[in-house]
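Written below as structure tokens is the structure these notes are about.
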Amino acid sequence: MGAIDRINPVAAAVYFLAAAGIAMFSMNPVILSLSLSGAVCFFFIKSRSTGIKSHLYSLLLFIVMALINPFVNHNGVTVLFIMNDNPITLEALIYGIAASAMIISVLYWFRSFTEIMTSDKLLYIFGRLSPKLALILSMALRFVPMFGNQLYKTEQAQKAAGLYKEDNIADTFKGKTDIFSIIITWGLENGIITADSMTARGYGCARRTSFSLFRWRKGDFIFLAITAALFAASLWGTMAADFAYYPAIAFSEADYRTVTGFTSYGLLVFLPSIFEIKEALRWKYLKSKI
Amino acid sequence: MNVIKNRNIRNALKIIVPFVIIPLLAALGSAAMFEKRHIIISLAAAAFSLLLFSAGFERKATGGRRMVIVAIMIALCIVGRFIPFFKPVTAISIITAIYLGGEAGFLTGSLAAFLSNFYFGQGPWTAFQMLAWGLTGLIAGYLAEPLKRHKLLLLIYGAFSGVIYSFVMDVWTVLWYNGGFDGTLFLSAVVSALPFTVVYAVSNLAFLWLMARPFGEKLERIKIKYGV
């Protein structure tokens, strides 16, 4: 549990959409490098347990995607070398690096987002938007482990009855298909019972409400306000920062407007990391006082 | 989603969104202003269509039994996605649509995409995946009668929707990478995604071949027994 886990889910979702949204629709290298470093930094702080393998995979993806562009796109004036009568240009390479930085940073934002959005938070948000969809989602989420459990039970029962064996591929396939078929029938019958008991308890009599522990606290409003302000400032600032990749790299001079935009976006992406670090330091300080 | 209380405004929105806002967005997208930003337009169009559908669903009175069955189908899709080289989402949403109607098919496909992406990686592509799988179900719902009668037609539809799904996701890849559409990039995306396209088409085909009849019989039985 960190600082961001305790923020109201709606505020957290707005934050992630703002941070990833600007990165998605901007091709400015400053914005993209800020977004990439912020997203990776936060993900590292948030989940230290994730193995190095998935990060290596991201790095590989980054390199491959960066190299695709110069081989299919031949715009640009600075020719690096010629391959198959096609010029490989520096501009196309830089564009490829920028595009893959954008994609990888958005991937990391969404990974952190998925880590934070537990199913209760998801249902809280959906319960607000559409109670009926939230009901279907919560039932589906509950059925997944239930099916897994029942799958195991059915397999054991079939084995005990001598109807299931895994001697060769054909047997395994037949056995699995049979069990799947049993599960479907069982699931449908069981679902009807669930539905009947819902109706018996008055489902559909009035608008469905949902209970959740999340409240809007003062801190949530402050977080939301800071996010909104930084988002607006960075949008306003980056609109002024022109950056062209083709035919030659060209960008507008830095003025107070673009600098404001970049600074506020930098603050925006590092906001949750700052919160987490602050929280960790405070905990350490409190512990040392005991 | 009864956010808008006035019935007239709601009805007007129902017509304005698909027939005015989305074409307007497309027109704006082709205008010079958003020259390299077709991705915004396509994402907005996808999000609007999903919102429209969920708003329509929210207002209708759907029986509890029907909703539980849709939830079961979604759970089956999610469980099925864990089996390697076996992508049953399209097939299950087609079967659901044939026996329970297009709306149920749309819900199964789109919500299965949404929920299972919490295990497989959520991203901006989720909106496209939801729309692609949902539409596969919705269209199957419209074609329910012929698909139920002719198995060959069902198999062709399954294989075809697997290929179309893969192409739609390739368009998305190119839009995301490049901002705008680019023929060469699309071609290279299609070629590099070819193994996936084949897996999609073949697994849809195999699943529908093996499961359409027994699965359909079960749903039919539930429908007759309990009057869903």
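Considering segment B:78-160, the qualifying helices (runs of 4 or more DSSP H), each wholly inside and each with 1 or more residues that are more than 25 Å from residue B:43 (Cα to Cα), run over B:89-100, B:125-142, B:144-149. On the given criteria, is residue A:6 away from every other protein chain (no Cβ under 13 Å), free of Cβ contacts under 8 Å to residues at least 60 places away in the same chain and in contact with a Gly (Cβ under 9 Å, 6 or more places away or on another chain)? The answer is yes for residue A:6. A Cβ distance below 9 Å, combined with a sequence gap of six or more or placement on separate chains, defines the contacts here; from segment B:56-69, residues that are part of a helix (DSSP H, G or I) reach residues that are acidic (Asp, Glu) in the pairs B:56/B:103; B:57/B:103; B:64/A:196; B:65/A:196. Look at segment A:133-153: where a residue is more than 7 Å from chain B (Cβ to nearest Cβ), no partner that is polar (S, T, N, Q) and surrounded by 15 or more Cβ atoms within 10 Å (Cβ to Cβ) sits 6+ places away or on another chain with Cβ atoms under 8 Å. None of A:240, A:232, A:170, A:225 is within 25 Å of residue A:127 (Cα to Cα), among the aliphatic types (A, V, I, L, M) and without any contact (Cβ under 8 Å) to a residue 24 or more places away in the chain except A:225.
State whether one or more residues within segment B:134-143 are aromatic (Phe, Trp, Tyr) and surrounded by 24 or more Cβ atoms within 10 Å (Cβ to Cβ). No, segment B:134-143 contains no residue that is aromatic (Phe, Trp, Tyr) and surrounded by 24 or more Cβ atoms within 10 Å (Cβ to Cβ). May I ask you to verify whether residue A:252 is among the small types (Gly, Ala, Ser), surrounded by 11 or more Cβ atoms within 10 Å (Cβ to Cβ), in contact with a Phe, Trp or Tyr (Cβ under 8 Å, 6 or more places away or on another chain) and at pLDDT 85 or above? No.
From the list A:228, A:250, the lone residue that is touching a strand residue (DSSP E or B) at 6+ places or on another chain (Cβ under 6 Å), small (Gly, Ala, Ser) and more than 15 Å from residue B:64 (Cα to Cα) is A:250. Scanning segment B:180-218 for residues that are buried (at least 20 other Cβ atoms within 10 Å of the Cβ) and either at the interface with chain A (Cβ under 9 Å from one of its Cβ atoms) or free of Cβ contacts under 8 Å to residues at least 60 places away in the same chain (or both) yields B:185, B:189, B:201, B:215. Checking each residue in segment A:219-238 for being at pLDDT below 90, out of contact with any Lys or Arg (no Cβ under 9 Å at 6 or more places or on another chain) and not hydroxyl-bearing (Ser, Thr, Tyr) picks out only A:235.
For segment A:107-126, the criterion of being β-branched (Val, Ile, Thr), within 8 Å of another protein chain (Cβ to nearest Cβ) and either without any contact (Cβ under 8 Å) to a residue 60 or more places away in the chain or in contact with a His (Cβ under 8 Å, 6 or more places away or on another chain) (or both) is met by at least one residue.
The values are calculated or read from the model by the stated rules, or taken from the named source; none is laboratory data. This structure is a prediction, so every number in the text was calculated from the model and none was measured. Counting neighbours? That spans all protein chains shown, and the Cβs are built from the backbone with ideal geometry, glycine included.
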